[in-house]
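What follows is a single structure, written as structure tokens, with notes after it.
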Amino acid sequence: MERLNLNLLRSLAVLLESRNVTQSADQLCMTQSAMSKQLAQLRNYFDDKLLVRHGNDYLLTSLSQRLKPRLQTIINQLDNLRDDSGFNPRQCRRRLTFACTDYVANFIFPDVICSLSAQAPGIDLVYRQWQPEWLGNLGAMPIDYATTMASEIPEDLYGIHLGNDQPVLLMARQHPLNTLTDPDLPDLLKYSFIRITAGGDKDSFFDQYLQTCALQRRIAYEVPFYTSAFNVAAATDMLLIVPRHIAANAARVHQVQWRELPIESLPDHQYFLLWHSIHHNDAAHHWAREEIATVMRKSIFSPQGIH
């Protein structure tokens, strides 16, 4: 069988990551025609299309999906073989993908990007909106890091603990509940709720508790974006259950305030920076995740920072 050139292997890794011939060519500093020629060689070698056009995008074939995590491991090992002098962040040229909520992107990312840019100007950061169902399939996703709530770190993942807190109730500053000293569950259930669908599981515990009390709430608005949820909460009488550190920081920039939930045994939310084991021994990945975790822990918008 024909041997595969190592340069083609790296091109394949970039193509499967970006799913875009033009972007891959730019990243590898080659012409689009040269990249297209390499893709043709790769298709011939694997006897597979690898990338299938779908509208203006490309989809990964089933073979590509199987190759992608294995390929990243091989590339990381090759990079480590070449790195005899130790990792130098100022010489690093990498494109790292980070999955998180828009809350993290809005309030914490600016500090993260400033820190990385100052020390490793060749590192590019790409945002993806985190979906909870990705947690069990992170190795097959084009994602280097993810931040989310988790009760434990799943198998094949590594993580850095970023902090913990408990859920609270967020509402408009002029909400009628603010006139009550100690509102109870029936008082809360007179109003509709907002549910944020992105990120970890923030409020299912509340529905489970209501069920034990033979009570139920109305979810009038579901949205994946924290900023939208904050704006709706500020403009209406709808209520929102969010982690304490998020509520405290929302109150700094939105017309909202928070108070404790009138129930016992609140869950303790644990927050992690997670990555798949295929990235664990990658020197650049290791350096970047330590820097990211340090910035996130210190941020006033994080669980640790709010304390």
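What do you reckon, is Ser11 exposed (fewer than 15 other Cβ atoms within 10 Å of the Cβ) and either under 28 Å from the mean Cα position of the chain (by Cα) or more than 16 Å from Leu63 (Cβ to Cβ) (or both)?
Against the criterion (exposed (fewer than 15 other Cβ atoms within 10 Å of the Cβ) and either under 28 Å from the mean Cα position of the chain (by Cα) or more than 16 Å from Leu63 (Cβ to Cβ) (or both)), Ser11 does not qualify.
Looking only at the range 143-194, filter to residues that are assigned to a helix (DSSP H, G or I) and in contact with a helix residue (DSSP H, G or I) (Cβ under 8 Å, 6 or more places away or on another chain); which one of those is farthest from Pro262 (Cα to Cα)?
Across the range 143-194, the extreme among qualifying residues is Leu177.
Does the range 178-194 hold any residues that are modelled with pLDDT of 95 or more and either in contact with an Asp or Glu (Cβ under 7 Å, 6 or more places away or on another chain) or surrounded by 19 or more Cβ atoms within 10 Å (Cβ to Cβ) (or both), and which are they?
Listed by number, the residues that qualify are Leu188, Tyr191, Phe193, Ile194.
From the list Ile246, Ile300, Ile278, Ile292, which residue is part of a loop (DSSP other than H, G, I, E, B) and out of contact with any Cys (no Cβ under 7 Å at 6 or more places or on another chain)?
On inspection, the qualifying residue turns out to be Ile300.
Take Arg70 and tell me if it is surrounded by fewer than 16 Cβ atoms within 10 Å (Cβ to Cβ), of a type outside the set (Gly, Ala, Ser), modelled with pLDDT of 90 or more and on the phi < 0 side of the Ramachandran plot.
In short, no.
Arg173 - would you say it is closer than 25 Å to Ile241 by Cα, modelled with pLDDT of 90 or more and not polar (S, T, N, Q)?
The answer is yes for Arg173.
Name the single residue, out of those in the range 117-139 being assigned to a helix (DSSP H, G or I) and in contact with a helix residue (DSSP H, G or I) (Cβ under 6 Å, 6 or more places away or on another chain), that is surrounded by the most Cβ atoms within 10 Å (Cβ to Cβ).
The residue in question is Gly139.
Is it the case that some residue within the range 216-226 is over 30 Å from Thr73 (Cα atoms) and crowded, with 22+ Cβ neighbours inside 10 Å?
Looking for residues that are over 30 Å from Thr73 (Cα atoms) and crowded, with 22+ Cβ neighbours inside 10 Å, one finds at least one in the range 216-226, hence yes.
Is it the case that Ser64 is loosely packed, with under 15 Cβ neighbours inside 10 Å, at pLDDT below 90 and not hydrophobic (A, V, I, L, M, F, W, C)?
Criteria not met by Ser64.
Only one of Phe230, Phe206 is surrounded by 13 or more Cβ atoms within 10 Å (Cβ to Cβ) and more than 26 Å from Ala105 (Cα to Cα); which?
None of the other options fit; the residue is Phe206.
Looking only at the range 271-296, filter to residues that are farther than 18 Å from Leu125 by Cβ and touching a Pro at 6+ places or on another chain (Cβ under 9 Å); which one of those is surrounded by the fewest Cβ atoms within 10 Å (Cβ to Cβ)?
Ile278
Conditions tested, residue by residue: (1) under 26 Å from Pro132 (Cβ atoms); (2) of a type in the set (Phe, Trp, Tyr).
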{"position": "Gln174", "(1), (2)": "no, no"}
{"position": "Lys190", "(1), (2)": "no, no"}
{"position": "Thr197", "(1), (2)": "yes, no"}
{"position": "Tyr209", "(1), (2)": "yes, yes"}
{"position": "Ser228", "(1), (2)": "yes, no"}
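The values are calculated or read from the model by the stated rules, or taken from the named source; none is laboratory data. Bear in mind that the values here come from a model prediction, so they are computed numbers and not experimental data. Cβ coordinates were reconstructed from backbone atoms using ideal geometry, including for glycine residues, and neighbour counts include every protein chain displayed.
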